[in-house]
Amino acid sequence: SSSASAKSEAVASTSTAATSVTVNTDNPVAGKKVAYIMLLPSATIFQMWKDSCANLCKAMGVDFDFFFCDGDFNKWQDTIRTCAEAGYDGLVVSHGNQDGSYVFLKEIHDSYPDMKIVTFDTQFYTDGEYQKIDGVTQMFQQDKSLVTVLLDSMIEAKKEKGEDGPVRLIKVWRGPNYNSPFDRREVGWEEYEKAGKIETVGEVQPLEDSVDSANTVTAAYLQTVNRDDVDGIISLYDLYGLGVYYAIFE
């Protein structure tokens, strides 16, 4: 009886202690205004990114806007500056090229120190080396491994056929210094090329970021290629991939 009473008192004591805890439910970001600013044109993956951001902001009581800049770096810069001048509390800016993003975003951060800036797939590079901007958060996906996992599948497919030698590939991209993800994916490509795992038969460079452009230039290029000299095609961007598929199918 005394043991049961002690247990009862202990439970009561614990219950009383638990109910006395005050939880702070204030939302520190309610009413804030943020924007997602993408350098590239709209594509399925970027629409997913935008929709996810919009849903999160709605759940947290944050006003949200988004802007796609059609691959125009000047438009990307102008949009960021306009949002900064308009008093946005935070910006998520994506895919800035590595040559001009550092100087521009450092200027924006210095001019609007209270505005939070988060970059995605945007490298800061100047004076021959990579840089950081204090107070600006950088995020990256694993672009090098995104390419090497594709190359590994091509290498394995060739082995399964019992064929020797490097995998002979055509690369579809916009060339160096176009944007950070392509530059980072090129690291993986060059690594496999130097190791003799792959051979670059040729390169196709769409004139703009669109399915139609990728389709047109790839179709034209394939007319110059002997099928027996090529094992496959790697597209560094899913938007190009659809155009490449159509070109191969045709």
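The values are calculated or read from the model by the stated rules, or taken from the named source; none is laboratory data. Computed from a predicted structure; not experimentally measured. Cβ placement follows ideal geometry from the backbone for every residue including glycine, while neighbour counts extend to all protein chains displayed. Keep in mind that these areas ignore ligands, DNA and RNA; they rest on the heavy atoms of the full protein, side chains included. Shrake-Rupley method; radii C 1.70, N 1.55, O 1.52, S 1.80 Å.
Here the label points at Asp26 and Ala54, each 7 Å from Cα along the C-beta direction, are separated by 3.2 nm in the simple model. Under 5 Å from the amide H of Asp65 lie the amide H atoms of Val34, Ala35, Tyr36, each residue being 5 or more positions distant or on a separate chain, with H modelled from the backbone and absent for Pro and chain starts. With just the Cα atoms defining each centre, how far is segment 27-53 from segment 198-250? Give it in Å. Cα centroid of segment 27-53 versus Cα centroid of segment 198-250: 30 Å apart. Probing with 1.4 Å while keeping every protein chain in the model, the per residue accessible area of segment 69-136 equals 48 Å².
For segment 69-172, trypsin sites (Lys or Arg not before Pro) meeting the loop criterion (DSSP other than H, G, I, E, B) and having at most 14 other Cβ atoms within 10 Å: Lys132, Lys161. Amide H to amide H, with H built 1.01 Å from N, Ser235 comes under 5 Å of Val172, counting only residues 5 or more places away or on other chains. For segment 17-158, the relative contact order is 21 percent, taking Cα pairs closer than 8 Å that sit 6 or more residues apart in sequence and dividing their mean separation by the residue count. Taking θ as phi - 60° and the Karplus parameters 6.51, -1.76 and 1.60, the scalar couplings of segment 48-62 work out to 4, 4, 5, 5, 5, 5, 4, 5, 5, 4, 4, 5, 9, x, 10 Hz in sequence order, x denoting glycine and proline. Estimated from the Cβ-Cβ distance and a Förster radius of 30 angstrom, the FRET efficiency linking Asp89 and Glu191 is about 0.15.
Coupling constants for segment 234-248 follow from the phi torsions by the Karplus curve (6.51 cos²θ - 1.76 cosθ + 1.60, θ = phi - 60°), and in residue order they are 10, 9, 7, 8, 4, 5, 5, x, 5, x, 5, 4, 4, 5, 5 Hz; glycine and proline get x. The candidate values were (1) 191; (2) 235; (3) 143; the one computed from these coordinates for volume of the Cα convex hull per residue in Å³ carries the label (2). Once you have a ≥ b ≥ c as the square roots of the Cα gyration tensor eigenvalues for segment 171-237, tell me rounded if a/c is under 1.5, and otherwise prolate or oblate according to whether a/b is larger than b/c. Note, shape of segment 171-237 comes out oblate.
Residues Met115, Met48 ordered from highest to lowest accessible area at a 1.4 Å probe: Met48, Met115. Relative contact order for segment 25-75: 54 percent, from Cα pairs under 8 Å spaced at least 6 residues apart, divided by residue count. Rolling a 1.4 Å probe over the protein heavy atoms leaves Asp209 with an accessible area of roughly 20 Å². For segment 104-143, what does the alpha-carbon gyration tensor say about shape, rounded, prolate or oblate, given a ≥ b ≥ c as the root eigenvalues, a/c under 1.5 as rounded, and a/b over b/c as prolate? Taking the square roots of the gyration eigenvalues as a ≥ b ≥ c, segment 104-143 is oblate.
Pairs of Cα atoms nearer than 8 Å and 6+ residues apart set the relative contact order; for the chain it is 14 percent.
Carbon-plus-sulfur accessible fraction, segment 72-197 (probe radius 1.4 Å, protein heavy atoms only): 47%. Taking amide H positions as modeled 1.01 Å from N, with prolines and chain starts lacking one, the residues under 5 Å from Thr126 and 5 or more places away or on another chain are Gln131.
Modelled label positions at Asp134 and Ile45, each set 7 Å beyond Cα in the direction of Cβ, lie 3.5 nm from each other.
Of the GluC sites (Glu not before Pro) found in segment 187-224, those in coil by DSSP whose Cβ has at most 16 other Cβ atoms within 10 Å are Glu208.
In segment 56-71, which residues have a backbone nitrogen under 15 Å from the label point lying 7 Å from Glu208's Cα in the Cα-to-Cβ direction? Answer for segment 56-71: 69-71. Treating the angle as unsigned and between 0 and 90°, give the value, to the nearest 10°, between the Cα long axis of helix 143-160 and the longest Cα principal axis of the chain. The two axes meet at around 50 degrees. For Lys58, a cut-off of 17 angstrom between C-alpha atoms picks up these aspartates and glutamates, skipping any fewer than 8 places away in its own chain: Asp26, Asp89. What does the C-alpha gyration tensor say about the overall shape of segment 57-111? Classify as rounded when a/c is under 1.5, otherwise prolate if a/b is larger than b/c, or oblate. In terms of gyration-tensor shape, prolate.
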